[in-house]
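Data first, discussion second: the structure below is written as C-alpha cells.
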Amino acid sequence: MVGGRFCADLRTFVKAAGPIINQQHFRLRATTLRHACLVKCPESYFRGDIVKSFRWTDYPLASAMLLTALAFVLCHALYIPWPDNYFAWRHELMLLSGVELIMLMSLGMLLGIRPLWLEKLWGGLDKMYRLHRRLGIAAGLMLAGHWLLDLSPRWLMQLGWLAPRHKPFHPHVFSWTGLAKQVGEWAAWVILGLVIIALLRMVPYGFWRKLHRLFAPVYLMGVFHSVILTPQAFWWTQLGWGLAIAMLAGVFAALASLQGKTGSLQRYGGSITALRPLPGNMLEVSCLLPRWPGHQAGQFALLRLDAKEGTHPFTIASAWPGHGELRFVIKALGDYTSSLAGRLQVGMAVEVEGPYGGFTGAVDGRPLDGPQVWVAGGVGVTPFLAWLQAAWRPLTVPVDFYYCVRHAAEAAALEEIRTACRQLGIRLHVLESDKGQRLQADALPAASDVWFCGPEGLGRSLQQQLAARAVPPRFHHEAFSLR
C-alpha cells in the first residue's frame, strides 16, 4: 500500500513538474521518474534510474550551500547558544553568509588554476569553468546579502523599528577588527564590480582576462577579513575546520595565480611544423611537442600562440600517434583567430596546455553500448576528426554522423571524413543549409547517445527536441567558450 501510494504521488509530481525538471541543466528527466514507477516501489526508488541519474556534482552549488547551512545549524546545536535578539541573529546570519561566501570564493579560486583531478571529477574543463562562472555569480549574490545584513541596523533605526545602540568610542586606537572591516568593504566593492564586468559579453576577451587577475588579491583581502572577524570559538567546530581547509586551498590557488602558475604542470613547449589553409575560412596548424604526454581523441588544449594574447581553447583534431605531433583546426571567428593566418609561420614557438575535456566518445568511461548519433556544426567537426583517426577498425555499434555546414565547399577535411566513414561503416550525412537542409531531431534515428559539437544555439535546440522523446538519448556536448 505504501509503495502504491508513493508511486501515485510520484506520477502526480511528474505530470506537474516534468516540464521544469526536463530542462537543459538537469539530468533528472521526467521520463526517468515515470520509468521508475513501473517497477516495484519503494525499493526501486533507491535502486533504479533516479539514483543512477542523480549525482551531487549535477547540483554542486545547491549541495554545498545546503550542507554548509546544515553544518552551521549542527554546530549551533552542539557548541553555540541560540541568539535571543535581533543583533544576535544578525551576527549569526552574517557569520553564516560570510562562511558560505568565502567557501564559494575558495572553490572558485581552486577551479581557476585548472587542477587536473578536479577537471576529471567534473567531466571536462568546460564544465568546470561553467561551475567557476556560477560560483562567481553566487558569490556576488551572497556578498550582496552579507552587506545588506551589515547595513540593516542603520536602516531599521532610521525607520524607528529598532532601538539605537551606543557603542564605546576609542579615538586614535589601532584595531585589527576595524582594519578587517575596512579591508572587507574595499574588497566587496571590487568583487561586485568584477562580477558585473565578467557578465558583460561586450567586454573584450583580452581586457577581461587581465581584469580577471584581480580576483586573486581581492580574495586574499577577503581571507584576512574572515580570519580576523570570525569568532575564535567557531574555529574549534567541525565547520570551522572545514572553513580553514577551504581557505588554505584558496590561498594556495590565489598565490599560484599571482605567480603565473595556473596550469603550469600541464604546459608543454614546441614549435609549428606545418600550416595549411582549409575551406570555410579555417586554418590547420600542426605542432611538434617533444614532451607531450598523450591525449584521448576528442580532447582539447589551451593554445598559446602570442604571449600578450594568452591562451585560447582549441580541440585537438588528431588522435594520439605515440609522439608529440598535434593538429589543430582553427576557424577565423574573431579578431584574434582571423589574424592567425597572416601572423603564424612554420618554426614559430608554441605552448600547449592540456589535455583537457571529456568529449572522448565514451559514456562514464565505458565503451559505447548502443546506436550512436554524432552531430558536428562547422568547426565543431574537429573532435570527430580525431575520433575517426583513432578508430582503426569498424565500430561495433551503428553510427550516424551528421555534418552541418553552409555548403559542402566549406566543409573542412570532407574527403578525409568520407574515406574514414566508408572504412569504419559509419553513415555520413552532410547537411547544407544553403540548400535548405536543416538538422531536425525528428529525422535522427533512435540512439542511446547523441554526441554534439558545434554552435551553442544549435546544440540547445537539439537537446530540447531530443528531451521530448519517449526514451531520450544521453546528450553529450562540450562548450565552445570557457569564459
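At a glance:
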| quantity | calculated |
| --- | --- |
| FRET E, pair R422, R460, Förster distance 30 Å, beta-carbon r, rounded to 0.05 | 0.40 |
| Cα gyration tensor category, rounded, prolate or oblate, for the stretch 372-477 with a/c compared to 1.5 | oblate |
| For the stretch 314-341 versus the stretch 219-285, the gap between their alpha-carbon centres in whole angstrom | 26 |
| Under the Karplus curve 6.51 cos²θ - 1.76 cosθ + 1.60, θ = phi - 60°, whole-Hz ³J(HN,Hα) for the stretch 402-413, x wherever Gly or Pro sits | 9, 10, 9, 9, 5, 8, 4, 5, 8, 6, 6, 6 |
| Sorted by Cβ neighbour density within 10 Å, fewest at the top, the residues T230, T382 | T230, T382 |
| Fewest-first ranking of D306, D126, using other Cβ atoms within 10 Å as the exposure measure | D306, D126 |
| Taking M348, M202 and counting other C-beta atoms within 10 Å, the order from fewest to most | M202, M348 |
| Pair H212, K120: separation of 7 Å Cα→Cβ label points (nm) | 2.4 |
| At most 15 other Cβ within 10 Å, DSSP loop - trypsin sites (Lys or Arg not before Pro), the stretch 96-146 | none |
| Those trypsin sites (Lys or Arg not before Pro) in the stretch 418-454 that DSSP places in a loop and that have at most 14 other beta carbons within 10 Å | R438 |
| Entries in K181/K210; K331/K435; K120/K308; K261/K331; K261/K308 that, when Cα-Cα distance is taken, lie over 25 Å | K181/K210; K120/K308; K261/K331 |
| Segment Q437-I245, length gained on full extension (0.36 nm per residue, minus Cα span) | 63.6 nm |
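Throughout, read-outs are computed from the coordinates displayed, never taken from laboratory work. Remember, predicted model here, so these are calculated numbers, not experimental data. Using ideal geometry, Cβ is built from the backbone for each residue, glycine included, and neighbour counts are taken over all protein chains shown.
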